[in-house]
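J.: Okay, handing you the structure first.
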Amino acid sequence: MAAAIGVGTSLPTLRIQSSTTLSSMVLPTQFSIFHNPSKNRTLRTAKGHSLNPRCEVGSENFVQRNKVDSKASNLSALELLKTSAADRYTKERSSIIVIGLNIHTAPVELREKLAIPEAQWPQAIGELCALNHIEEAAVLCTCNRMEIYVVALSQHRGVKEVTEWMSKLSGVPLLELCKHRFLLHNKDATQHLFEVAAGLDSLVLGEGQILAQVKQVVKLGQGVAGFDRKISGLFKQAISVGKRVRTETSISSGSVSVSSASVELALTKLPESSYSDARVLVIGAGKMGKLVIKHLVAKGCKKLVIVNRTEDRVTAISQELKDVEIVYKPVSEMLECAAEADVIFTCTASETLLFLKDHVQTLPSVGPDIGSRLFIDISVPRNVEPSVSYLETARVYNVDDLQEVVAANKEDRLKKAREAQEIILEELIKFEAWKDSLETVPTIKKFRAYVDRIRNSELDKCLSKMGDDISKKQKGAIYDLSMAIVNKLLHGPMQHLRCDGNDNRALSEVLENMRVVNRMFDLETDISLLEQKIREKVERSKR
């Protein structure tokens, strides 16, 4: 089924009033919740001071950097590491980045070219992580968004590689892709996903299906190489945020979905705004199709025809909705059913068009009271050929046309968004603290290995001096003694290198302790790990 829910085309900016600054992690004086990522995602106070600068790479800058990097692209990543820019390069920390297109930044005809079916998400993760500077990855693709989340070893190089991958995958030229994409780094990328999971970035504020889609990312990512600790932790935290927002606020009360919005849109185009006399056809009985059917029944539709590949789902829906007449038809009879319908909803996962202009112009006209046949296409990729709208006998609407249905109740949306944003900022602090605490893991491992090497060396010397006269039991006792001494000595330092991520003061101390240990024992964690990761990727690419 076509996944649903994203952000709206020209969604008006919502402003939140408060008297404190973002640095105190309370809502700022004024900031946008529904934003257009195609512009700089910068939150500003009423006085114009920047509160939350968002990173954005424009197409012109990207093309210029491509020219600058054209010569270097022939070198391996490891060779680049050893060039004159090596000092800056090796000191880069890995970054969480989101690169994507959504209903704010790109029309549906572009988004559908980049759409990746759920079944192919694991394969996409593998391809992304095969890129030299991408360590982890995830794909979130719905009707209204296509977003790639990655952990990049180098921010600039990672963005370049992913953007080129997206262009190659879709056939969309780099210039066109960069014109419509949005790009966020680290805390901004995290906040964006939290807003998505909470329903703040959806076409319909607070709708619930997007949270199910975020859960699906985690489900499909389990056991996939590349869907690892940071990205997995990010999406799991986003799920927690989405649940908490819906539990602690009223954001989901009375909210609609893309499915219900499509039913409302069709209703406004019908005479007397009624389904009572309209002949309705629904193509697809998956998640989206079922929701459309339920909303049609709620709006007074008493009879409808459902075209689906199998009859099982239609039968299950009929048993659930016993007060309405539901007729099942196979896909082979789709055009015959369309000929007898006034309103046609298409909501399938088909990657090919179901209704071509040549098909539709041969269909008989609808009654004069209806005027022209309605096609409500909420699938991405689309199921109805765009040129069908040129026919006088048909009107075509897609997901980008639903904005007019959800533009009402601005004040209510504002209040609900304010409540949710407070929770998101709290959860953002927790996640950033957890992510930062992961920096100490390599130090802990290297420190432990360093101490173990000393213990093993000294143990071997001791046993050598004692000769062959000692028993196996005595050797075991000496080994246990060495382990006990090391463990007790390491207990204190290890405690000061760990953090649960809930205490910012403790976290800063832990990170300082990490730097001290790295200096004292010459562990060189950051540089050596980065070089090691890139070396491994280069070696894999040669195989």
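J.: Can you list residues from other chains, or at least 5 along the same chain, whose modelled amide H is less than 5 Å from the amide H of LEU200?
T.: GLY206
J.: Relative to the compact globular guide of 2.2 N^0.38 Å, what is the alpha carbon radius of gyration of segment 136-208, as a ratio?
T.: So the Cα radius of gyration is 1.18 times the expected 2.2 N^0.38 Å.
J.: Can you tell me the order of 361-374, 95-108 when each peptide is scored by its average per-residue count of other Cβ atoms within 10 angstrom, highest first?
T.: Values: 361-374: 14.7, 95-108: 23.2.
Put in order of decreasing packing, that is 95-108, 361-374.
J.: Cβ neighbours within 10 Å, averaged per peptide: list 142-155, 178-191, 159-172, 279-292 in order, most packed at the top.
T.: Result, highest mean Cβ count within 10 Å first: 142-155, 279-292, 178-191, 159-172.
J.: Over segment 345-484, average the accessible area per residue using a 1.4 Å probe and give it in Å², no decimals.
T.: Spelled out: the 1.4 Å probe surface of segment 345-484, per residue, equals 52 Å².
J.: Follow-up. Going by Cα centres, segment 123-154 and segment 438-454 are how many Å apart?
T.: 30 Å
J.: Over segment 239-393, what relative contact order in percent results from Cα pairs under 8 Å that are six or more residues apart? Before the final figure, lay out the partial values.
T.: Values: 231 pairs, mean separation 34.4, N = 155.
For segment 239-393, the relative contact order is 22 percent.
J.: Also, quick follow-up: Which pairs, out of LYS446/LYS473; LYS236/LYS430; LYS269/LYS303, put more than 22 Å between their alpha-carbon atoms? Intermediate results must be reported in sequence, preceding the final value.
T.: Working: LYS446/LYS473 31 Å; LYS236/LYS430 13 Å; LYS269/LYS303 19 Å.
The answer is LYS446/LYS473.
J.: Moving on to the next point. Hey, got the dipole for segment 151-305? About the Cα centre, +1 on K and R Cβ, -1 on D and E Cβ, debye to the nearest 20?
T.: Value, rounded to 20: 440 debye.
J.: Now a separate question. Using a 1.4 Å probe over the heavy atoms of the protein chains, calculate the carbon and sulfur portion of the accessible area of segment 225-326 as a whole percent.
T.: On segment 225-326, the fraction of accessible area on carbon and sulfur atoms equals 46 percent.
J.: Specify whether the C-alpha gyration tensor of segment 309-385 places it in the rounded, prolate or oblate class, a ≥ b ≥ c being the square roots of the eigenvalues: rounded for a/c under 1.5, otherwise prolate if a/b is larger than b/c and oblate if not.
T.: In terms of gyration-tensor shape, oblate.
J.: Now for a different question. For the charge dipole of segment 231-336, defined by +1 on Lys and Arg C-beta atoms and -1 on Asp and Glu C-beta atoms about the Cα centroid, which residue among LEU321, ILE231, VAL292 has the Cα displaced farthest towards the positive pole?
T.: Checked the options; the winner is ILE231.
J.: Does segment 253-308 come out rounded, prolate or oblate, given a ≥ b ≥ c as the square roots of the eigenvalues of its C-alpha gyration tensor, rounded meaning a/c under 1.5 and, failing that, prolate meaning a/b above b/c? Don't skip to the answer; put the middle values down first.
T.: Working: a/c = 1.87, a/b = 1.06, b/c = 1.76.
In terms of gyration-tensor shape, oblate.
J.: Pop the C-beta distance of LYS243 and ALA119 into the FRET formula with R0 = 35 Å and round what comes out to the nearest 0.05.
T.: 0.85
J.: Can you give the Rg to Rh ratio for segment 102-171, taking only C-alpha atoms and Rh from Kirkwood?
T.: Across segment 102-171, the Cα-based Rg/Rh ratio is 0.96.
J.: Another question, then. Is the shape of segment 256-350 rounded, prolate or oblate, going by the alpha carbon gyration tensor and its root eigenvalues a ≥ b ≥ c, with a/c under 1.5 for rounded and a/b larger than b/c for prolate?
T.: rounded
J.: If I ignore ligands, DNA and RNA and count only protein heavy atoms, how much of LYS243 is accessible to a 1.4 Å probe, in Å² to the nearest 10?
T.: 100 Å²
J.: Kindly rank 232-241, 350-359 from highest to lowest mean number of other beta carbons found within 10 Å of each residue.
T.: With the highest mean Cβ count within 10 Å placed first, the list reads 232-241, 350-359.
J.: Okay, moving on. Tally Lys/Arg at +1 and Asp/Glu at -1 over every other residue whose Cβ is under 14 Å from the Cβ of LYS357; what's the total?
T.: For residues surrounding LYS357, the net value is -1.
J.: Also: How big is the charge dipole of segment 229-352 about its Cα centre, in debye rounded to the nearest 20, if each Lys and Arg gets +1 on its Cβ and each Asp and Glu gets -1 on its Cβ? Numbers along the way, then the final one.
T.: Values: 18 positive and 14 negative charges, 198 e Å.
Computed charge dipole of segment 229-352: roughly 960 debye.
J.: Restricting everything to alpha-carbon atoms, can you work out Rg to Rh for segment 184-317 with a Kirkwood hydrodynamic radius? Write down the numbers at each step before the final one.
T.: On the way: Rg = 18.3 Å, Rh = 17.0 Å.
Here the Rg-to-Rh quotient is 1.07.
J.: Need one number: nm distance between label points at GLU164 and LYS475, each 7 Å from Cα along Cα→Cβ, rounded to one decimal.
T.: Placing both labels 7 Å along Cα→Cβ, they lie 5.5 nm apart.
J.: Got a number for the accessible area of LEU414? Probe 1.4 Å, square angstrom, nearest 10.
T.: About 30 Å², ignoring ligands and nucleic acids.
The values are calculated or read from the model by the stated rules, or taken from the named source; none is laboratory data. What you see is a predicted model, and the numbers here were worked out from it, not measured in a lab. Counting neighbours? That spans all protein chains shown, and the Cβs are built from the backbone with ideal geometry, glycine included. For accessibility, only protein heavy atoms count, side chains too; no ligands or nucleic acids. Shrake-Rupley method; radii C 1.70, N 1.55, O 1.52, S 1.80 Å.
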